[in-house]
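Below is one structure; the comments refer to it alone.
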Amino acid sequence: MNISRRFFMKTSAVAVGGAVSAKAGTAKAESRSRAPADPFGCLVDLTQCVGCRKCEQACNEVNHLPEPKVAFDDTRVLDCKRRPDQNAFTVVNRYYPGKKDEQNRLVPTYAKIQCMHCQDPACVSACIVGALTKQENGAVIYDKSKCIGCRYCMVACPFGIPAYEYDQPFTPEVRKCTYCFERISKEGGKPGCASVCPVEAITFGKRDTVLALAKDKIKKDPGRYINKVYGEEEVGGTSWMYISEHPFEKLGFLTLPKKPLPTLPETIQHTIFKFMWAPMTLFAALAGGMWVFNRRQMTGEDISEERGADNE
């Protein structure tokens, strides 16, 4: 027996709408923060970075990545803007935000980028199989044994960091900075990039400590730094933070909201699917609607048959 499309859509909308409305009052409490209490953090002072790419080389060695096409001591690679990928977990880019030296030449600023290891990471929230997790030390780590290759993490990341091994058709992985998880958790060391920086542009320690250091630097030398620590509040805060003498939007940094990105989608998910209440309501409503619709059609057919018999 045929069911009209309008009836089906209307019934579906009513069922879902009812489920959402009934749970809307408790939605706010459903989004669970993954931010650890006392994680590690890294502070990058962009006024000190000289673009030597030693951090790139250290990252390559620690993570056993393929040798790059351009040698690490070849600064010509800085002529083009780059992004981290499956074979390079961190890269340094060069910007010219407008400052000039005494010879009227533009002075470059260098910015290292990698996974920000967000306090409340969107990639972890988006992963439907738990292949990405936020650790107590601040690292967002990846378990390739759980990954199903859906790449939702790539869509969810506000910084566009996770990279996929498209050139590995049989065993592809999602690849990104590991925060040198093994080094900082088991060996008590620093991330490779932080341990090798020759000008000490990268400071590693507890997040609260390096954040306090950043604010102290800004307070003591306001002529050198703008009054902002990038990563302190962006998308709920990140493990990697930056200070600079130039506005961050001139250095390739995105302008992002303070609220953690998982808040909205998780609220919707938990509101609709908590304890399977909404799906059950939907199926029950659809079943009831079909029964009513079919009953009406059958009743109409019975009346038609009776009228036909009377006419005979």
Filter segment 108-135 for residues that are loosely packed, with under 12 Cβ neighbours inside 10 Å and in contact with an Asp or Glu (Cβ under 8 Å, 6 or more places away or on another chain) and give the result.
G130
Tell me which residues, restricted to segment 21-47, are over 26 Å from the mean Cα position of the chain (by Cα), at pLDDT below 95 and surrounded by fewer than 19 Cβ atoms within 10 Å (Cβ to Cβ).
S21, A22, G25
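Going residue by residue through segment 97-104, is there one that turns out to be out of contact with any helix residue (DSSP H, G or I) (no Cβ under 9 Å at 6 or more places or on another chain), in a loop (DSSP other than H, G, I, E, B), touching a residue at least 24 places away in the same chain (Cβ under 8 Å) and not charged (D, E, K, R)?
Keep residues of segment 97-104 that are out of contact with any helix residue (DSSP H, G or I) (no Cβ under 9 Å at 6 or more places or on another chain), which gives 99-104.
Checking which are in a loop (DSSP other than H, G, I, E, B) leaves us with 99, 101-104.
Next, from what is left, pick out any that are touching a residue at least 24 places away in the same chain (Cβ under 8 Å): 99.
From what is left, the residues that are not charged (D, E, K, R) are none.
There is no residue in segment 97-104 that is out of contact with any helix residue (DSSP H, G or I) (no Cβ under 9 Å at 6 or more places or on another chain), in a loop (DSSP other than H, G, I, E, B), touching a residue at least 24 places away in the same chain (Cβ under 8 Å) and not charged (D, E, K, R).
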Going residue by residue through segment 250-263, is there one that turns out to be among the charged types (D, E, K, R) and modelled with pLDDT under 65?
no
Just name the residue that is nearest to Y166 (Cα to Cα) out of those in segment 48-65 that are out of contact with any helix residue (DSSP H, G or I) (no Cβ under 8 Å at 6 or more places or on another chain) and surrounded by fewer than 16 Cβ atoms within 10 Å (Cβ to Cβ).
H64
Which of the numbered conditions does D167 fail, given that it passes all the others? Conditions: (1) surrounded by fewer than 22 Cβ atoms within 10 Å (Cβ to Cβ); (2) touching a helix residue (DSSP H, G or I) at 6+ places or on another chain (Cβ under 8 Å).
(2)
Could you tell me whether R175 is of a type in the set (K, R) and modelled with pLDDT of 95 or more?
yes
Does segment 152-168 hold any residues that are assigned to a loop (DSSP other than H, G, I, E, B) and either over 16 Å from R83 (Cβ atoms) or of a type in the set (G, A, S) (or both), and which are they?
G160, D167, Q168
Among Q103, Q168, Q114, which is the only one that is polar (S, T, N, Q) and closer than 24 Å to L43 by Cα?
Q114
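So which residues in segment 67-88 are hydrophobic (A, V, I, L, M, F, W, C), touching an Asp or Glu at 6+ places or on another chain (Cβ under 9 Å) and part of a loop (DSSP other than H, G, I, E, B)? First the steps, then the outcome.
Of the residues in segment 67-88, the ones hydrophobic (A, V, I, L, M, F, W, C) are 70-72, 77-78, 80, 88.
Filter once more, keeping what is touching an Asp or Glu at 6+ places or on another chain (Cβ under 9 Å): 72, 88.
Within segment 67-88, F72 is the sole residue that qualifies.
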Of the residues in segment 105-126 that are charged (D, E, K, R) and in a loop (DSSP other than H, G, I, E, B), the one that is nearest to the chain's Cα centre (by Cα) is D120
List every residue pair whose Cβ atoms sit under 8 Å apart, with the two residues 6 or more apart in sequence or on different chains, where the first one lies in segment 159-170 and is touching a residue at least 24 places away in the same chain (Cβ under 8 Å) and the second, anywhere, is of a type in the set (G, A, S) and surrounded by fewer than 15 Cβ atoms within 10 Å (Cβ to Cβ).
Y164/G149
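Does V129 fit the bill of being of a type in the set (A, V, I, L, M) and in a loop (DSSP other than H, G, I, E, B)? So that I can check it myself, show each step before the final result.
On the way: of a type in the set (A, V, I, L, M): yes; in a loop (DSSP other than H, G, I, E, B): yes.
Judged against the criteria, V129 is a match.
The rows are residues; the columns are (1) of a type outside the set (D, E); (2) within 23 Å of the chain's Cα centre (by Cα).
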| site | (1), (2) |
| --- | --- |
| F181 | yes, yes |
| F204 | yes, yes |
| D208 | no, yes |
| D216 | no, no |
| Y225 | yes, no |
Scan segment 132-151 residue by residue and report those that are in contact (Cβ under 8 Å) with a residue 12 or more places away in the chain and assigned to a strand (DSSP E or B).
L132, K134, V140, I141, Y142
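The values are calculated or read from the model by the stated rules, or taken from the named source; none is laboratory data. Here the structure is a predicted model, which is why all the values come from computation and not from measurement. Methodologically, a virtual Cβ is constructed for each residue, glycine included, from the backbone with ideal geometry; neighbour enumeration extends over all protein chains shown.
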